[in-house]
1. Could you count how many residues in segment 55-88 are modelled with pLDDT under 95 and in a loop (DSSP other than H, G, I, E, B)?
2. Which of the residues spanning segment 49-89 are touching a strand residue (DSSP E or B) at 6+ places or on another chain (Cβ under 8 Å) and farther than 20 Å from T146 by Cα?
3. I need every pair where a residue in segment 78-94 that is hydrophobic (A, V, I, L, M, F, W, C) has its Cβ under 7 Å from the Cβ of a residue that is in a loop (DSSP other than H, G, I, E, B) and at pLDDT 80 or above, sequence separation at least 6 or different chains.
4. Could you please find all residues in segment 51-92 being out of contact with any helix residue (DSSP H, G or I) (no Cβ under 8 Å at 6 or more places or on another chain) and of a type in the set (A, V, I, L, M, F, W, C)?
5. Of (1) closer than 18 Å to V21 by Cβ; (2) within 16 Å of the chain's Cα centre (by Cα), T64 satisfies all except one. Which?
6. In segment 111-150, how many are not hydrophobic (A, V, I, L, M, F, W, C) and not in a helix (DSSP H, G or I)?
7. Could you check how many residues of segment 95-112 are without any contact (Cβ under 8 Å) to a residue 24 or more places away in the chain and within 24 Å of E129 (Cα to Cα)?
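The values are calculated or read from the model by the stated rules, or taken from the named source; none is laboratory data. Being a predicted model, the structure only gives us computed values, none of them experimental. Counting neighbours? That spans all protein chains shown, and the Cβs are built from the backbone with ideal geometry, glycine included.
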Amino acid sequence: MIVTAGGEALKRSLDACPYIVKPDTREHMALDGQGLTTVDDIVEAGKHVIACGAEIVIISHDVTGDIAITRDNVWEINAQVATSRFKNLVGADDVFLGGILYKLSLEAPLEEALRFGLAAGLASAESEEKICRNMAVIEQGMQSVTVTRL
């Protein structure tokens, strides 16, 4: 199960031990009442969700940056792109998650899936259409994405 939710819906979903949790922090950079103002805050909140049974937690902290937390590792995912190139942010977060799921379904390592997912989300944000379907553009975009173990 994949969960993208916030507030009470997120709390209730954790009882089902979802595979991936992507908390909705767009309106308020908080999770379960805890402010997410620093990377340490984000990692601590993510580890709490992992302790509830999730396998992977991905928390956005910037338009081009996310933190991924698993039981064993923490990664910061960043892209060096100018946000002035963005034409359409609607659905970019969904494409990011879809890209991760796509790569994981092909049994790619999580780091590769995270890079691909962010590249896909950014390619969609730079596209006039809601979703960039051009694999070459997404793969080229992966060159600007870094995944760093924290």
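1. 8
2. Within segment 49-89, V49, I50, A54, E55 qualify.
3. Partner pairs satisfying both residue conditions: F86/E126.
4. A51, A82, V90
5. Unmet for T64, out of (1) closer than 18 Å to V21 by Cβ; (2) within 16 Å of the chain's Cα centre (by Cα): (1).
6. So the count comes out to 10.
7. 3
Per-residue answers, yes or no, for (1) crowded, with 16+ Cβ neighbours inside 10 Å; (2) hydrophobic (A, V, I, L, M, F, W, C); (3) under 10 Å from the mean Cα position of the chain (by Cα):
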{"position": "N78", "(1), (2), (3)": "yes, no, no"}
{"position": "V81", "(1), (2), (3)": "yes, yes, no"}
{"position": "F86", "(1), (2), (3)": "yes, yes, no"}
{"position": "V90", "(1), (2), (3)": "no, yes, no"}
{"position": "L104", "(1), (2), (3)": "yes, yes, no"}
{"position": "L110", "(1), (2), (3)": "yes, yes, no"}
{"position": "L114", "(1), (2), (3)": "yes, yes, yes"}
{"position": "A119", "(1), (2), (3)": "yes, yes, no"}
